[in-house]
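> Could you have a look at this structure, given as structure tokens, before my questions?
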Protein chains: 2
Amino acid sequence: MCVIVTTFSRIGTSPAPGSRRITITDVARTAGVSIAVVSYALNGRPGVSDRTRRHVLRTAADLGWRPSAAARSLRSVPRSVSVQAVGVAAAARTTAVALGLRAALDDAEATPATDVVVDVAPDHDVGARDLEHAWTERRHGAFVVTGLHRDDPRTRLVADHGVPLVPLVPQQRGGMLGTAPGSVPGLVWFSGDAEERAARYLRELGHRRVALLVQDGHDDPSRLLLDALAGAGDGAHVVTEEIVYRTEEDAAARAARLLATANRPTAVVADGDVALLAVLEAARQRGLEVPWDLSVLALEDSPACRLVHPPATAVARSWAELGAAAAVLVRPLLGGQPPRDDDDDAPAAAARLVIRGSTAPVPA
Amino acid sequence: MCVIVTTFSRIGTSPAPGSRRITITDVARTAGVSIAVVSYALNGRPGVSDRTRRHVLRTAADLGWRPSAAARSLRSVPRSVSVQAVGVAAAARTTAVALGLRAALDDAEATPATDVVVDVAPDHDVGARDLEHAWTERRHGAFVVTGLHRDDPRTRLVADHGVPLVPLVPQQRGGMLGTAPGSVPGLVWFSGDAEERAARYLRELGHRRVALLVQDGHDDPSRLLLDALAGAGDGAHVVTEEIVYRTEEDAAARAARLLATANRPTAVVADGDVALLAVLEAARQRGLEVPWDLSVLALEDSPACRLVHPPATAVARSWAELGAAAAVLVRPLLGGQPPRDDDDDAPAAAARLVIRGSTAPVPA
DNA sequence: TTGTAAGCGTTATCAC
DNA sequence: GTGATAACGCTTACAA
């Protein structure tokens, strides 16, 4: 990034702590050119002879020059991206997005390196405030958000403050967000119809009473699933029930209560590891054997899905892949260009249904 | 933060996207004072009359002024902290640290708000490079790291580049890091002797063959536990075995193999959710009943520990609390002061052993 | 108590 | 192709 540092001249040359920064002025003086030339050379801009450019690059590397993020941001769009995580529950997902994004951005031969950071907010409202502040303070050049839901306070930011938002939505296009009034430009979404396939799969297995166990305040690919379950096809009516939990204790309690009801669901959809484990434990307590007495389907694949018994059928979304796809939208924003408006070729990552052992036909 | 914005005058006044930033110059002009006065007033510095200060604050709020992070960082230490997460596995923990830290930093009446971000690196080496770059580019004022292990490349950064590091170590003081050659100043650690208590507990239950299932490349509170298990007390010798896994598949395979051995351990210590679930499933497969046939102890409490059956005995560390404790060391760094050297009153958070149903005496 | 002005390290616009 | 030089928004001596 920035400069391919031929580091041999710096071996053991630990810059005395507290010593003055090395600036392009130093590089210019050492190289015997003006700072303008150094700037051009360092940024790979035309207008410098190749000889000079090489010389400058060499000098900068020898001196151990590194750009000052602050000075740079003072004039142009900051070369950093913030990915927002709302709540600890979203940590793993957001981390994956950040890793995918940084890998994709690094790929580019683009000289100036970009920094990808995660902003972690306790809830959606604080998250919205975070974004507004970070943007008005010009801390980052682009803001990636996940877990947008209908009426998410963060949606308004793009209209109200012009925040360069890149929303990642866990659903295929045409979902609620694409058509909502506060529609946001520059969406990135998952391709494929994993939720619909999951719904069809459950229907085909004969399930007619399905419950969803979802965490409070979370985005709802669950809604897509509900719609798909309800939206007939073969005419058979599916009774659905959405159960919202807050803590894992709560999840356990609700799962237990759910399975204790007279006509309990024949299938339960869990929105994450917590819900999954809660359902499995509730089933065990009541002596229900998964999948024969109860089918369980997870809406987010994870190591836990693969480790529990039986391994859980799950919708697998590669958040890292989605983060990488987001790079296409992030890059122009960092270049100071306006967000793309043509949804048509919005980048996407594939979501798919992974069938494992936790789902089976309804017992006869 | 910064200013208590009496927002009534901004209702509906969405600053036209693309409009020029509001700077202290604007505030100064509107308020009819010089920019120096505005700066002093805004930063709560002495040298401004109360009347003027209120007037300036009021004007800034009315105008919707927000500081420019870049311009500020250009002269002083950036008012932002980076918390580094190495790998997705550390995501939840790091997120908790960040939340705790930001809560603690917000608490302070300190006028200038601080931004806490998470830097997520795929591995320790990239993490070290990240830190070096972020520091030489002066992106943040302080860097919090967790999961330091012996010979961690990041340890050298403080000596080599003067990086203002605040390491969080998951052990009580006097552990390996405190005495290692590359000793780092300004540690924050957990108080209490949870690992030793865990070891003592297992010994008291009669366990003499204990295995540890730990992820590759992770920090080792496990080592503390091993030492404590080995370090006698009652003379009885405890045979320990450390098993390192990489992926969750690997964990499952190794757990299965471990329990299939002739004289399998009577207790297994898992370093996280993945290891815990792997062991539980391996036990189930072999028809071993936890805790009667096998005791399981987790080295990191989590929702999963509370949801599995039986609920897992675990060492509970409040990473959020530790993050909050770190604020004490972070604050002076953001003020441009040198790191504290007196380990003596290093802040700490409590780690404790939570005994649940997954551990029991060795069968007679 | 307030104002003026010199930086901070870049980028960008000019002349040369 | 290259070199001065003016921004960028803020902090901080120092002068008034």
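The values are calculated or read from the model by the stated rules, or taken from the named source; none is laboratory data. All values reported here derive from a predicted model rather than from experimental measurement. Glycine also receives a Cβ, built like all others from the backbone with ideal geometry; neighbour counts cover every protein chain displayed. For the accessible areas, the whole protein counts, side chains as well, though only heavy atoms, and no ligand, DNA or RNA atoms are used. Shrake-Rupley method; radii C 1.70, N 1.55, O 1.52, S 1.80 Å.
> Over all residues in A:269-278, what is the mean tally of Cβ atoms on other chains that come within 10 Å of each residue's Cβ? Show your work: numbers first, answer last.
Working: counts 0, 0, 0, 1, 6, 5, 1, 2, 9, 3.
Mean partner-chain Cβ count within 10 Å for A:269-278: 3.
> Add +1 for every Lys or Arg and -1 for every Asp or Glu among the other residues with Cβ under 10 Å from the Cβ of A:PRO67, and state the total. Don't skip to the answer; put the middle values down first.
Details: positive: A:ARG66, A:ARG72, A:ARG79, B:ARG138; negative: B:GLU137.
In short, +3.
> Right, something else. Can you give me the distance in nm between label points at B:LEU74 and A:ALA230, each placed 7 Å from the Cα along the Cα-to-Cβ direction?
A separation of 5.5 nm, rounded to one decimal place.
> Net charge within 13 Å of A:GLU321 by Cβ-Cβ distance, Lys/Arg positive one each and Asp/Glu negative one each, not counting A:GLU321 itself? Kindly include the intermediate steps, with their values, before the conclusion.
Numbers: positive: A:ARG93, A:ARG317, A:ARG352; negative: A:ASP301.
That works out to +2.
> Per residue of B:152-161, count partner chain C-beta atoms within 10 Å of its C-beta, then hand back the mean as an integer.
Shielding by partners across B:152-161 averages 1.
> Moving on. Residues with beta-carbon under 11 Å from that of A:THR23, excluding A:THR23: net charge, scoring Lys, Arg +1 and Asp, Glu -1? Provide the component values of the computation, followed by the final result.
On the way: positive: A:ARG20, A:ARG21, A:ARG29, A:ARG66; negative: A:ASP26.
Charge balance near A:THR23 sits at +3.
> Which distances, in nm and shortest first, link the B:TRP292 label point to the same label point in every other copy, taking 7 Å along Cα→Cβ?
2.2
> If R0 is 45 Å, what FRET efficiency do you get for A:ASP107 and B:ILE355 from their C-beta distance, rounded to 0.05? Present the calculation step by step, with values, prior to reporting the outcome.
Values: r = 49 Å, r/R0 = 1.09.
Efficiency, rounded to the nearest 0.05: 0.35.
> Mind giving me the nanometre distance, one decimal, between the label points for A:SER39 and B:ALA256, set 7 Å out from Cα along Cα→Cβ?
6.3
> Run the label-point distances for B:PRO361 please: 7 Å along Cα to Cβ, every other copy, nanometres, shortest first.
Listed shortest first, these distances are 5.1 nm.
> Chain pair A, B: how much accessible area is buried, both chains summed, with a 1.4 Å probe, in Å² to 100?
4900
> Grab the beta carbon distance between B:ASP125 and B:ARG58, set R0 = 60 Å, and tell me the FRET efficiency rounded to 0.05. The partial results should precede the final answer.
On the way: r = 51 Å, r/R0 = 0.85.
FRET efficiency, B:ASP125 to B:ARG58: 0.70.
> Along segment B:128-144, what does the Karplus equation 6.51 cos²θ - 1.76 cosθ + 1.60 (θ = phi - 60°) give for ³J(HN,Hα), rounded to whole Hz, x for Gly and Pro?
Each residue's phi maps through the Karplus curve to give 5, 5, 3, 4, 4, 5, 4, 6, 5, 8, 6, 7, 9, x, 8, 10, 9 Hz.
> Here's something else I'd like to know. Could you work out how much longer the chain between B:ARG29 and B:VAL244 gets when fully extended? Use 0.36 nm per residue separation minus the Cα distance between them, nm to one decimal. Each step should come with its number before you reach the end.
Working: separation 215, 0.36 × 215 = 77.40 nm, distance 6.49 nm.
Contour length minus Cα-Cα distance gives 70.9 nm.
> Right, another one. What does the charge dipole of segment A:24-67 about its Cα centre add up to, to the nearest 20 debye, if the Cβ of each Lys and Arg holds +1 and the Cβ of each Asp and Glu holds -1? Spell out each step's value before the answer.
Numbers: 7 positive and 3 negative charges, 19 e Å.
Using Cβ point charges on Lys, Arg, Asp and Glu, segment A:24-67 gives about 80 debye.
> Something else: Show me A:247-256, B:239-248 ranked by packing, highest mean number of other Cβ atoms within 10 Å first. Please list the in-between numbers first.
Values: A:247-256: 19.4, B:239-248: 15.9.
Final packing ranking: A:247-256, B:239-248.
> Going by average Cβ neighbours within 10 Å, how do the peptides B:65-76, B:39-50 rank, with the highest at the top? Kindly include the intermediate steps, with their values, before the conclusion.
Details: B:65-76: 18.7, B:39-50: 14.5.
Top of the packing list down: B:65-76, B:39-50.
> Using the 7 Å Cα-to-Cβ label point, sort the distances from A:ALA230 to its equivalents in the other copies shortest first and give them in nm to one decimal.
6.3
> Peptide B:129-137: average number of partner chain Cβ atoms within 10 Å per residue? Intermediate values should be presented prior to the final figure.
On the way: counts 1, 3, 0, 1, 7, 4, 1, 9, 12.
For this peptide, the per-residue mean of nearby foreign Cβ atoms is 4.
> If you don't mind, there's one more thing I want to ask. I'd like the accessible area for B:ASP193, computed on protein heavy atoms only with a 1.4 Å probe and all protein chains in place. Round to 10 Å², please.
50
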